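The structure under discussion appears below in the form of structure tokens.
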Amino acid sequence: MRIGIIGGGIAGLTAAALLSEAYDVVVYEGAREWGGSAGKFSRGEFTFAAGATLGMGFERGGIHERVLSHLGISLEAELLREVMIIELDGQRITYHKDKRKFVKHLSEIFEADKEGIVSFYEELDQIVSRIEPIMETLPVLPLRTSGDIKALLPHTVDGLMIAPYLMQTVKTLLARHGLLGTTFERMVDGILLDSMQTGIEASALLGAIALTIYHRGAYYVPGGLFRIADALKEKALENGAELQMGRQMTGIRRVPNGFLLSDRRGRFELVDELICAMPIEGVMKISDSSIERMLKKTYRHQQKLSQWATFTYYAAIPEHLVQDGALFRQVHDRTLPSGHAFISLSKIGDEYRAPTGYRTLTMSCHIEIGRFSKERNLYAVQEQEMQQVFERILEGQFPGFNQHALERLPGGPGAWVRYTFRPDGGVGGYPQLPGSSLFRAASFRTGLSGLSIIGDTIFPGAGTIGVTTSAIHVARMYGVDI
Ligand SMILES: Cc1cc2nc3c(=O)[nH]c(=O)nc-3n(C[C@H](O)[C@H](O)[C@H](O)COP(=O)(O)OP(=O)(O)OC[C@H]3O[C@@H](n4cnc5c(N)ncnc54)[C@H](O)[C@@H]3O)c2cc1C
């Protein structure tokens, strides 16, 4: 059986590496780079992470570790004792890997809210102790088959214990501990937005995981997170998969013997079954009317949701501008559209990213879809304005930035459309609200036999570990034992 996969991001390449052990697999990637939102690009001697920079899931039993060890791949990932620095309201908060140390640090910084903060984390721990054993089995949600339900049965007790939280938000938890309206609430809001695509309105269950996940392990991957894509791609090739770059697919048609795909240049491909490793909206745009009808029915809840777009910015800076050891930092600034931005630096000596004496950086913030004009000249002005805001913040972080930084490349939503084909530049999946996540999330099963969708708009959602999970789900459906 020939399985076609459209999309060579982390989701598509994970599925390709796993499925090519048993099937004839072909991957079509529209861009000239692998990895999509977790990919890279190079300018001269510098290599920039396009989007994702902070790794998770490399600890024993973590999502990437499971896939990589199943495939016999070894990939270097350095555990961060200090995950990031958060700069907020004049405070410099160190996000320690060690939870106790972090909670103690927070209690010292936000002394007046100490009791609430301690009890808030205690409640998060209680939730996580119940939900983690369930999530570790990688349940398939929303439940669609008797197999999905059967897999959850051993966890009925844990499930019942956390059921009251199902429709609660993190905001409810913060209110319970008297933390609404505090600077701590803003810190939590910022952390959640980066991982759940919504702030304190996030699902309490998933929010509890997001707010404790770095304590399981956050990682710097030498070279960048695109290394995951690279390793998966090599494994798929080794297993005999066909990987085609520069093949933007523009049509999917259901035919009696499978799916007929057409690309931008009018060439055709026939596959028996199809996995679309790209956003749901992107699949709808290129599907024939009968497939589109089915997708509209299956994903009717998701059509009411919107992803965020992003403004990204890339630069290379001389080593001497970096005054501390932090590789990742979240900087709050009220002039930014979402109130904060995330800055990632390459590590000293990571020569894949920059020659000796230099570091590369990627900075990003959330922006609403549609904020940037579709009119070219206006778009260019808006891009320039955002670049100036970013460069002002970077000058504050790395004094001398404006004088010494090299390359300085802005990446507005248009760049995400052009290079990763993300409709309207929407990235990172849907907000993980109680009404749009877990049992109400999007299923990888489209309702049409032989057609699946995986990636960050599908349960469990965004992040390289989220999309790897949906790729595992599809691989398991095809009988891969992982
Ligand atoms: C700025 C930013 C920062 C982030 N930071 C982090 C982070 O630090 N840590 C983390 O874990 N996650 C992070 N994320 C989220 C993470 O990168 C994504 O959730 C994840 O990589 C998405 O993977 P995917 O395979 O689902 O989709 P994508 O990465 O979008 O991959 C889809 C691929 O399909 C291709 N494609 C689409 N349409 C077609 C078509 N018609 N024909 C052919 N090919 C097509 C695209 O070119 C792309 O390569 C970040 C995301 C962004 C945008």
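Observations on the model:
Okay, residues lined up against (1) out of contact with any helix residue (DSSP H, G or I) (no Cβ under 6 Å at 6 or more places or on another chain); (2) part of a loop (DSSP other than H, G, I, E, B); (3) more than 24 Å from Ala475 (Cα to Cα); (4) assigned by TED's automatic domain parsing to the domain that holds Leu225:
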| position | (1), (2), (3), (4) |
| --- | --- |
| Pro434 | yes, yes, yes, yes |
| Phe439 | yes, no, no, yes |
| Ala442 | no, yes, no, yes |
| Leu448 | no, yes, no, yes |
| Ser452 | no, no, no, yes |
| Ile458 | no, yes, no, yes |
| Gly461 | yes, yes, no, yes |
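- Scope region 394-420; condition charged (D, E, K, R) and either away from the ligand (no atom under 16 Å from the Cβ) or part of a loop (DSSP other than H, G, I, E, B) (or both); matching residues: Glu395, Glu407, Arg408
- The condition of being closer than 30 Å to Ser69 by Cβ, surrounded by 24 or more Cβ atoms within 10 Å (Cβ to Cβ), at pLDDT 95 or above and in contact with a strand residue (DSSP E or B) (Cβ under 8 Å, 6 or more places away or on another chain) holds for Ile454.
- Residue within region 324-336 that is surrounded by 16 or more Cβ atoms within 10 Å (Cβ to Cβ) and basic (Lys, Arg) present: yes
- Listed here are the strands (runs of 3 or more DSSP E) enclosed by region 218-268 that have at least 1 residues being acidic (Asp, Glu): 242-245, 258-263.
- Boolean, Lys297 is basic (Lys, Arg), at pLDDT below 95 and more than 30 Å from Leu394 (Cβ to Cβ): no
- Tallying residues that are among the polar types (S, T, N, Q) and part of a loop (DSSP other than H, G, I, E, B) within region 1-41 yields 1.
- Checklist (1) part of a helix (DSSP H, G or I); (2) of a type outside the set (Asp, Glu); (3) out of contact with any Ser or Thr (no Cβ under 8 Å at 6 or more places or on another chain); (4) farther than 30 Å from Ser452 by Cα applied to Met135, failing item: (4)
- Filtering region 191-204 to residues that are closer than 15 Å to Phe120 by Cβ and either assigned to a helix (DSSP H, G or I) or of a type in the set (Lys, Arg) (or both) leaves Ile191, Leu192, Ala204.
- For Ile73: the one exception among (1) over 19 Å from Ser195 (Cβ atoms); (2) within 15 Å of the ligand (Cβ to nearest atom); (3) part of a loop (DSSP other than H, G, I, E, B); (4) of a type in the set (Val, Ile, Thr): (2)
- Any chance Pro142 is more than 26 Å from the chain's Cα centre (by Cα) and at pLDDT below 95: no
Listed here are the residues, each with its yes/no results for (1) touching a Cys at 6+ places or on another chain (Cβ under 6 Å); (2) in contact (Cβ under 8 Å) with a residue 12 or more places away in the chain; (3) in the same structural domain as Leu225 (by TED's automatic domain parsing); (4) within 16 Å of the ligand (Cβ to nearest atom).
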position: Ile343; (1), (2), (3), (4): no, yes, no, yes
position: Ile348; (1), (2), (3), (4): no, yes, no, no
position: Ala354; (1), (2), (3), (4): no, yes, no, no
position: Met363; (1), (2), (3), (4): no, yes, no, yes
position: Ala380; (1), (2), (3), (4): no, no, no, no
position: Phe390; (1), (2), (3), (4): no, yes, no, yes
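- Residue, surrounded by the fewest Cβ atoms within 10 Å (Cβ to Cβ), within region 217-255, restricted to residues that are more than 10 Å from the ligand (Cβ to nearest atom) and either on the phi > 0 side of the Ramachandran plot or modelled with pLDDT under 95 (or both): Gly240
The values are calculated or read from the model by the stated rules, or taken from the named source; none is laboratory data. Since the structure is predicted, the reported quantities are computational estimates derived from the model, not experimental observations. FYI the Cβ positions are ideal-geometry reconstructions off the backbone, even for glycines, and counts take in every protein chain you see.
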